[in-house]
Amino acid sequence: MPVPVILTGRTVRLEPLAAHHAAALAAAGAEDRTTYAFTPVPHGLEAAREYIARALADQAAGRSLPFATVNQADGRVVGSTRFLELDYWRGPLVWPPAPGVPFGDPATAVPDAAEIGNTWLSPRAQGTGINTEAKLLMLRHAFEAWGVQRISLRADARNLRSRTAIERLGATSEGVRRAHSRGLDGVVRSTAFYSILDAEWPAVRDIIELRIAAATSPSAPDPALSQECLRHGGGSGQLITA
């Protein structure tokens, strides 16, 4: 199974989620909660502890790799994200397939496909560029360290803010699965699905890096970013806006 790893960028650090993050995670989740309509976010210390315990149980079972999202500027925990839906395609062909079961030594196996999700940020971290750089770090690790063939992303179809953020990454829309599951509000929801393939990663990486450069250098030419996005399709993903 994938081993925990620290991913560090200029504005954000992704640390393996651990029990000691509970108080800081609770504080992040206690800010204005009106932005969490479609995303499960722990409310209170006990809820944060339970949130982390469930995430670590999934990690121990090989189902996910969760992170605490940390603002590099002040070391404050501002949210969480994770890899999930880990899938393994190497080794002999087995039918029917056994999703999530790696071939060979589980301790050294890396996935061939995964999803990025369960992402949320405190209101003070939204719109700061932290989300964009966090996704760059995760995508780079998945495609360049693990060598995955595909990364998936999804969002409640009603969550236009999250869908716009995923599309701005350069992910490709795979359509909307109608009446797909029960939403956080109890309503049966439709789900918008997106993906990035290995062959698309270099172009997507260029788009994201250009966005980060434009955000950090106000004088950076917007036309270059626009042309880059147009050349690569501009994207067509369950995230908070950058």
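The values are calculated or read from the model by the stated rules, or taken from the named source; none is laboratory data. Not measured: the values here are computed from a predicted model. In this analysis, Cβ positions are derived from the backbone assuming ideal geometry, glycine residues included, and neighbour counts consider all displayed protein chains. These accessible areas exclude ligands, DNA and RNA; they are computed on the full protein's heavy atoms, side chains included. Shrake-Rupley method; radii C 1.70, N 1.55, O 1.52, S 1.80 Å.
For first residues located in the range 62-75 and within 17 Å of A19 (Cα to Cα), partners that are among the hydroxyl-bearing types (S, T, Y) and assigned to a strand (DSSP E or B) and lie 6+ apart or on another chain with Cβ distances below 8 Å form the pairs P66/S80; P66/T81; F67/S80; F67/T81; A68/S80; T69/S80; T69/T81.
For P4, the criteria (1) closer than 26 Å to P99 by Cβ; (2) open to solvent by less than 60 Å² (accessible area, probe 1.4 Å); (3) within 16 Å of the chain's Cα centre (by Cα) hold in every case but one, which is (2).
Look at the range 166-185: where a residue is over 18 Å from T119 (Cβ atoms) and a partner is open to solvent by 90 Å² or more (accessible area, probe 1.4 Å) and outside any loop (DSSP other than H, G, I, E, B), sitting 6+ places away or on another chain with Cβ atoms under 9 Å, you get A179/V188; H180/V188; R182/V188.
Take W89 and decide whether it is in contact with a Pro (Cβ under 9 Å, 6 or more places away or on another chain) and under 30 Å from A179 (Cα atoms). Answer is yes for this residue. For the range 103-130, a residue qualifies if it is over 15 Å from the mean Cα position of the chain (by Cα) and open to solvent by 20 Å² or more (accessible area, probe 1.4 Å), and the qualifying residues are F103, G104, D105, P106, A107, T108, V110, P123, R124, G127, T128.
Does V3 meet the test of being β-branched (V, I, T) and farther than 28 Å from S217 by Cα? Considered against the rule, which asks whether it is β-branched (V, I, T) and farther than 28 Å from S217 by Cα, V3 comes out as yes.
As a summary of the residue check, E133 satisfies the conditions (1) loosely packed, with under 15 Cβ neighbours inside 10 Å; (2) among the charged types (D, E, K, R); (3) closer than 27 Å to P40 by Cα except for the one numbered (1). Per the listing A28, A24, A37, the residue uniquely touching a Lys or Arg at 6+ places or on another chain (Cβ under 8 Å), at negative phi and open to solvent by 20 Å² or more (accessible area, probe 1.4 Å) is A24.
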